Every structure is written in structure tokens, then in C-alpha cells.
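Working notes for the structure below.
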Amino acid sequence: FRNEIEELSSLDERGEHLEQEFLAALESLDALGNELTGKRQNAARRFEQDVERRLAALGMAGSRFRVNVEALVSRGEENLATPNRAFSSTGADRVEFLLSANKGQDLKPLKTVASGGELSRIMLAVKEVLLDRDPVATCVFDEVDSGIGGVVAGKVGDAIGRVAGDRQVICITHLPQIAAYGETHFKVANTNATARPSPR
């Protein structure tokens, strides 16, 4: 019983020690969160400029692309919270891409304003900027040729060719300027279309 009595008598002291360790861990978490936020904000500015340059080359000149880094809001038990901020498994920030596709338009969340073709070209620009850092082995581009042709289509095809340098790319396109960069081609046709009666 002696060990149990000694353990029980030291509970208060152990509790104080654990509380101090916990508070020290929260302070460290806050400091690391601040450091990560600063690095994200600095990287975001460079990333925005690089993506905008790529978008201009892909036929979206005048587009504005922004990375919004804002403090994560605690939602009950979903995220860990310190007295100063909330944390998830990826840090203390919520990161969102914003886009203004035309001059004079306000920046809005990319997921709500980009058309299918714009979204594909934005993803292509992002993949080009992150070429050496992106671990994704397969990319799919659909509608990447929507609303473009001629010289711009050639530039889009060239960009897809660069992205495909060390990863698999699947691209659905109607344009030969883009398809020419593929190593393997599949033709997809609708064979179940209802035949229209010939005019009399």
C-alpha cells in the first residue's frame, strides 16, 4: 500500500506539473503557428504572381489571382484551440484561392466564379508553377480548350506538354493544337445518337 499512498499524495503536484507542461506546449504551438502563417503569406504573394503570368500566357490576360490566408475559426471540438487561435492538422490558417477573370470584376472564391474551361486553365497554370513540388502523379484536364483557339491553343498544348514531362496527363480536347502533344490518342464518339429523319 505504501506505493499507492505515495502516488495519491503526489497527485496535486503531478497535476500542477502537467498543467505547466500543457501551457508551455500551447505557447510553443502558438509560436509555430505564427511562423507557419508568415511563411504561407510570403509564399502566397510569389505564387500569385507566378500563376498570373502563366494565366496571361494561357489566354486569360487581365485575370487577377489571389491566395487568401486567414485565421482558422474554431468550431467546437473540430479543431484544437489555444487562447489566441484555432488549429487544425495543417496549421492555424484557412487558405482559399480567389479569382477575377475580367477587369473591373471583384475577386471572388475560385470555386464559385470560374467556368469549366477557366478552371482547367487555372489548374494547368498552378500545375506549371508547382511542377517541381507537386507529388500528384496523374492530372486530368477537361474543357481546357473551351473558348480558345489558334495561338492560345498552341500555348495551352505546350503547357500541358511540360506538365506531362514526368507525370501522366489525360486531356479531353477538340483542338489539334492541343492533341498534338499527346503520345496516345483515343477518339470518343456518340454511336447511340438517334438518327434524324432526312428533310423532304
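The values are calculated or read from the model by the stated rules, or taken from the named source; none is laboratory data. Computed from a prediction, not measured in an experiment: that's the story for all the values here. Heads up, the Cβs are rebuilt from the backbone with ideal geometry, glycines too, and the neighbour counts pull from every protein chain shown. Keep in mind that these areas ignore ligands, DNA and RNA; they rest on the heavy atoms of the full protein, side chains included. Shrake-Rupley method; radii C 1.70, N 1.55, O 1.52, S 1.80 Å.
Structure data summary
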{"read-out": "Ellipsoid semi-axes in whole angstrom, largest first, where each is sqrt(5λ) of the Cα gyration tensor of the chain", "value": "52, 21, 17"}
{"read-out": "Portion, in percent, of the accessible area of the range 25-70 that falls on carbon or sulfur, probe 1.4 Å", "value": "49 percent"}
{"read-out": "Long-range HN-HN contacts of Phe87 with modeled amide H, under 5 Å", "value": "Leu80, Ala81, Thr82"}
{"read-out": "The range 43-200: Lys pairs at Cα distance under 25 angstrom, eight or more positions apart or on different chains", "value": "8"}
{"read-out": "Relative contact order computed over the chain (Cα-Cα under 8 Å; 6+ residues apart), in percent", "value": "15 percent"}
{"read-out": "Burial ranking of peptide ranges 95-104, 12-21, 59-68 (average Cβ count within 10 Å, highest at the top)", "value": "59-68, 95-104, 12-21"}
{"read-out": "Table column - 3J(HN,Hα) (Hz), the range 95-109, Karplus curve with 6.51, -1.76, 1.60, x for Gly and Pro", "value": "10, 9, 8, 10, 9, 10, 6, 9, 4, x, 7, 6, 5, 9, x"}
{"read-out": "Rounded accessible area per residue of the chain, 1.4 Å, Å²", "value": "70 Å²"}
{"read-out": "Per-residue ³J(HN,Hα) for the range 58-70, Karplus 6.51 cos²θ - 1.76 cosθ + 1.60, θ = phi - 60°, Hz, x for Gly and Pro", "value": "9, x, 10, 4, x, 6, 10, 10, 10, 10, 8, 10, 10"}
{"read-out": "Centroid-to-centroid separation of the range 44-63 and the range 120-170 [C-alpha atoms, Å]", "value": "14 Å"}
{"read-out": "Carbon plus sulfur fraction of accessible area for the range 83-200, probe 1.4 Å, in percent", "value": "53 percent"}
{"read-out": "Of Pro176, Ser120, Asn102, farthest towards positive along the dipole that unit charges on Lys, Arg, Asp, Glu beta carbons give the chain", "value": "Pro176"}
